[in-house]
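Beneath this line is the structure, given in structure tokens, with notes to follow.
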């Protein structure tokens, strides 16, 4: 793959590293607005990135559009903040995969913007997809795909319980690690502290399962540290915020159809991901230890970039693109093909000699 990458924060750097480390392709362009990064060689910014390309300060400075197979955008959770970048890429007909959480199901909060981006993508031949480990997989694509074996689905209950010690610092900051109760509540009221995407996952599931959600709610509370803890943001005092708990409920009439429980905290006990499908048959899937968020977000983004160009032009979700799966390195794909071609030549040669 020839990738144009926008956003070289901790997640963006990991994605670029994994692109090269997995042998999936190379960057044909890298963009970041940070004055500390702009102008530096990519190899000096990302360990293992075998590229002398300079990091550009804006998309306007990029010229090699004909070389781009797919663009990856890792800049913000907000659809509104990402909109100018998405438009600039879609105007060029580029397939775009982004970790913007609100893009996973943009019809929830900004249906007008979703319709506009969809129309632009179709007009210019571009594609746009939001994905990640959550939202994108654990609380939406995974439970939806698990219902493939069901003849009836009555309700879904999904848990994502994480020990945030191994997560990147921006994630720990996002879940309120180290804040006292007053600071935590102030940030909640300001809308700057929450796991973004729970509502998007809920409505994605409801739409694809044919449920009309009449009303839904989302509860958010602090997870206090039971003892003093170390974290990526410093020492966390006993009683201060170790993380966040969010629970969303979706109702069809008076019937509770969907419950999503998200809890991420430093030192969280019994981390796991779980999907419970009530229906026929009933399914109870549990992943002990849970899926590592940073590893999985990088992986699913690159794996999605490998299949998105095959989708029809337009705005997509994880159920409307070709099945996203592990993308092997190009050499691993080509070796069996070469062996098969060699075998065919051998057979033809043997037939001619006979």
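Each value in this text was obtained by applying a stated rule to the coordinates, not by laboratory testing. What you see is a predicted model; the values in this text were computed from it and never measured. All Cβ positions, glycine included, derive from the backbone under ideal geometry; neighbour counts span all protein chains shown.
Assorted remarks:
- Using alpha-carbon coordinates, inclination of helix 198-209 to the longest axis of the chain, degrees: 60 degrees
- Length gained on full extension, residue 238 to residue 148, computed as 0.36 nm times the residue gap minus the Cα-Cα distance: 27.9 nm.
- The chain, helix-only ellipticity at 222 nm - DSSP H runs n ≥ 4, -39,500 (n - 2.57), divided by all residues, nearest 500: -10000 deg cm²/dmol
- For region 246-285, the gyration tensor built on C-alpha atoms gives an oblate shape. Its axis ratio a/c (a ≥ b ≥ c) is at least 1.5, and a/b is not larger than b/c.
- Share of pairwise Cα separations in the chain, more than 30 Å, in percent: 43 percent
- Potential extension, residue 287-residue 91 segment - 0.36 nm per residue separation minus Cα distance: 66.5 nm
- Anisotropy class assigned to region 264-305 is oblate, per the alpha carbon gyration tensor with a/c at or over the 1.5 cut-off and a/b no larger than b/c.
- Hypothetical label at residue 183: residues of region 234-256 whose amide nitrogen lies under 13 Å (7 Å Cα-Cβ projection): 234-243
- Taking every DSSP beta bridge that has both ends in the chain, the antiparallel portion is near 60%.
- At R0 = 35 Å, FRET efficiency that the Cβ-Cβ distance of residue 320 and residue 269 yields, to 0.05: 0.40
- Of the peptides 194-206, 155-167, the order by per-residue mean of other Cβ atoms within 10 Å, starting with the highest, comes out as 194-206, 155-167.
- All C-alpha pair distances within region 210-306, sorted into 5 Å bins from zero, spread as 3, 10, 13, 16, 18, 17, 13, 7, 4, 0 percent across the bins.
- Computed from Cα atoms, the angle from the helix 181-190 axis to the main principal axis of the chain rounds to 60 degrees.
- Protection-proxy order for peptides 88-96, 272-280, each taking the mean of Cβ atoms within 10 Å per residue, highest first: 88-96, 272-280
- Pairs of Cα atoms nearer than 8 Å and 6+ residues apart set the relative contact order; for region 141-290 it is 37 percent.
- Distance from region 144-198 to region 16-38 (C-alpha centre basis), Å: 28 Å
- Cα pair count fraction exceeding 17 Å, expressed as % - region 141-290: 63 percent
- Centroid-to-centroid separation of region 234-262 and region 68-131 [C-alpha atoms, Å]: 28 Å
- Relative to the longest principal axis of the Cα atoms of the chain, the long axis of helix 10-21 lies at roughly 30 degrees.
- Burial ranking of peptide ranges 226-238, 12-24, 293-305 (average Cβ count within 10 Å, highest at the top): 293-305, 12-24, 226-238
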